[in-house]
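Everything on this sheet refers to the single structure shown next.
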Amino acid sequence: MISKRFFSILSILLVGFFSFSFLYKNPGLKNGIWRATIERKDGHKIVFNFLSKDSAGKKIIYLLNGREHLLVDSIVVKEDSVYIELPFFESGFRAQIEANGNLNGEWIKHYGERILRLPFHAKFNEPVRFKIHSAPVANVSGRWLTTFSTKNRSIQYVAEFKQTGSHLSGTVLDPTGDFRFLDGVVSGDSLKVSTFDGANAYVLIAKIDNKNRISGGKFYAGATGIEDWTAVRKENANPENGFVEPKINAEGGPVNFTFRDSKTGEPVSFEKYKGKVVVLDILGSWCPNCMDETKFLSDYYLKNRDKGFEVIGLAYERTTDFKSSQKALLPFEKRLNVQYPILITGVTSADTLITQKTLPQLEKIKAFPTIIFVDKNGMMRKVESGFSGPATGEHYTQFINNFDKTVKKLLAE
């Protein structure tokens with residue numbers, strides 16, 4: 001027989017439970033700065049910061065990489081969970097909001113049919129990306145000839161750093177572009193920088209031997225990538241050219257293609273652009289440097305489209321399926337305010353016959369992104385592979401000037 005004392009104890013417990021449930025309120029996604037980590041399978045962590053805030057009645061986030069603030073505005077908070085869809089690279093976060101407001105979940109990244117999932121954590125009110133334990137032994141501002149190596153290969157890039165006190169920013173230039181915006185610290189003889197934009201997920205660490213030499217470096221990229229790196233100061237260093245610019249096939253004739261528009265699905269023929277100067281942009285929504293190049297082209301087009309100048313994006317996605325490619329491209333176009341057509345070629349970036357199937361007037365597509373200048377007669381006149389984006393400073397400025405000169409020259413013909 002159940003005693004009255006048992007019911008009394010049970011009543012007290014139930015009252016306490018419901019009282020706690022009433023008093024506890026999930027904090028939701030708090031506004032402020034966060035320190036986030038993505039845990040690689042080998043235990044190393046990709047570290048970055050983001051800022052969350054309210055804007056126009058909705059929650060938004062900025063991914064913080066030095067002076068770059070990437071807007072993320074597709075965020076759903078439901079009970080104790082948050083779903084964050086990044087505007088680029090088919091990437092996002094799914095996390096539980098803990099009682100203290102911190103986030104615990106996973107980073108989800110799509111690579112066509114393959115899906116990567118890695119543990120993700122974010123600590124609220126934590127602006128420190130990397131801790132500083134002691135004063136820097138040297139100032140590493142400047143240009144460095146940097147050697148990245150694995151067991152199978154070694155290649156030279158160029159690192160450019162700007163150090164103010166213990167704070168360090170910069171990028172690494174490679175033959176096809178750059179590592180985008182790196183941000184971190186110099187603590188004692190230790191160098192640490194990182195970046196995260198939804199595709200690039202990088203951490204570089206190394207030992208500063210002196211003001212002219214960096215050694216013992218490790219480069220952690222994505223889920224499994226790892227390379228050794230060292231650097232020596234060299235102000236006139238240039239990245240090793242891993243390829244020769246693709247040649248134009250002299251017998252290929254004028255550009256002539258028809259591909260489907262990414263927005264409407266309707267076929268678009270190059271024939272309608274005859275008589276205008278056209279820039280063909282070889283891109284993929286999966287490509288970070290393509291994002292920077294598309295941002296530049298979008299702005300340039302809006303300022304010059306009334307001068308007989310056009311831009312056509314040719315997208316090579318991870319799949320041949322139009323709907324899947326469209327799903328990846330539309331957020332990309334919306335965020336970058338692309339007003340010119342981006343056409344889905346239906347050929348993947350990994351296809352060995354990519355050039356023959358889409359642009360036989362070119363000897364070979366060798367890099368993403370690639371820009372092709374086409375004159376008023378539809379003939380290819382100049383090809384430039386790779387893109388030095390805004391993180392590269394003077395190199396970006398030089399690209400803009402050269403691009404503008406080429407367009408104006410073709411317009412004047």
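Calculate what fraction, in whole %, of the accessible area of the chain sits on carbon and sulfur atoms when a 1.4 Å probe is rolled over the protein chains.
Ligands and nucleic acids excluded, carbon and sulfur give 52 percent.
Using alpha-carbon pairs under 8 Å, 6+ residues apart, how would you state the relative contact order of region 342-389 in percent?
That works out to 25 percent.
Counting pairwise Cα distances across region 246-356, what percent come out greater than 18 angstrom?
Tail of the P(r) past 18 Å holds 50 percent of the pairs.
Pairs to check: 30/53; 376/408; 263/334; 192/218; 272/303. Give those whose C-alpha atoms are more than 18 Å from each other in this structure.
Where the Cα-Cα span goes over 18 Å, the pairs concerned are 272/303.
Going 7 Å from the Cα of residue 132 toward and past its Cβ, which residues in region 141-170 have a backbone nitrogen under 16 Å from where you end up?
Residues passing the 16 Å test: 141, 162-170.
Over the residues of region 364-409, compute the C-alpha Rg and express it relative to 2.2 N^0.38 Å.
1.25
Which number comes out as Rg/Rh for region 322-413 once both Rg and the Kirkwood Rh are worked out on C-alpha atoms?
We get a ratio of 0.98 for region 322-413.
Summarise the long-distance tail of P(r) for region 289-353 by giving the % of C-alpha pairs beyond 14 Å.
59 percent
Name the residue from 185, 221, 355 whose Cα lies farthest towards the positive end of the charge dipole of the chain, charges +1 on Cβ of Lys and Arg and -1 on Cβ of Asp and Glu.
185
Around residue 125, with a cut-off of 10 angstrom between Cβ atoms, what is the net charge of the other residues, counting Lys and Arg +1 and Asp and Glu -1?
Overall, the nearby charge balance is +2.
Report the Rg/Rh value for region 171-316, based on alpha-carbon coordinates and the Kirkwood definition of Rh.
Computed over Cα atoms, the ratio is 1.09.
What accessible area per residue, rounded to a whole number of Å², is obtained for region 272-390 using a probe radius of 1.4 Å?
I get 37 Å² per residue for this part.
In debye, nearest 20: dipole of the chain around its Cα centre with unit charges on the Cβ of K, R (+) and D, E (-)?
The dipole of the chain has a size of about 820 debye.
Angle check, please: helix 394-412 long axis (alpha carbons) against the longest principal axis of the chain (alpha carbons), in degrees 0 to 90, nearest 10.
For helix 394-412, the angle is close to 40 degrees.
Provide the three semi-axes, in whole Å and in decreasing order, of the ellipsoid equivalent to the chain as defined by the square roots of 5 times the Cα gyration tensor eigenvalues.
44, 30, 18
Through the Karplus equation 6.51 cos²θ - 1.76 cosθ + 1.60, θ set to phi - 60°, convert the phi angles of region 160-175 into ³J(HN,Hα) values in whole Hz; use x for Gly and Pro.
Using θ = phi - 60°, the values come out as 10, 10, 10, 10, 10, x, 9, 7, 10, 9, x, 7, 10, 8, 10, x Hz.
With the dipole of the chain worked out from charges on the C-beta (+1 for Lys and Arg, -1 for Asp and Glu) around the Cα centre, which of 135, 368, 410 lies farthest toward the positive end?
Selected residue: 135.
Show me the chymotrypsin sites (Phe, Trp or Tyr not before Pro) within region 67-173 that DSSP assigns to loop and that have at most 10 other Cβ atoms within 10 Å of their Cβ.
none
Give the relative contact order (percent, whole number) for the chain; include only Cα pairs under 8 Å separated by 6+ residues.
13 percent
What ranking, highest mean first, results for peptides 29-41, 367-379, 248-260 when packing means the other Cβ atoms within 10 Å averaged over each residue?
Order by mean packing, descending: 367-379, 29-41, 248-260.
Can you give the angle from 0 to 90° between the axis of helix 322-335 and the longest principal axis of the chain, with both taken from C-alpha atoms, to the nearest 10?
80 degrees
Which angle from 0 to 90°, rounded to the nearest 10, does the C-alpha axis of helix 288-304 make with the longest principal axis of the chain?
60 degrees
The values are calculated or read from the model by the stated rules, or taken from the named source; none is laboratory data. Because the structure is a prediction, the values reported are computed rather than measured. FYI the Cβ positions are ideal-geometry reconstructions off the backbone, even for glycines, and counts take in every protein chain you see. We work out accessible area using only protein heavy atoms, side chains counted, and drop any ligands, DNA or RNA first. Shrake-Rupley method; radii C 1.70, N 1.55, O 1.52, S 1.80 Å.
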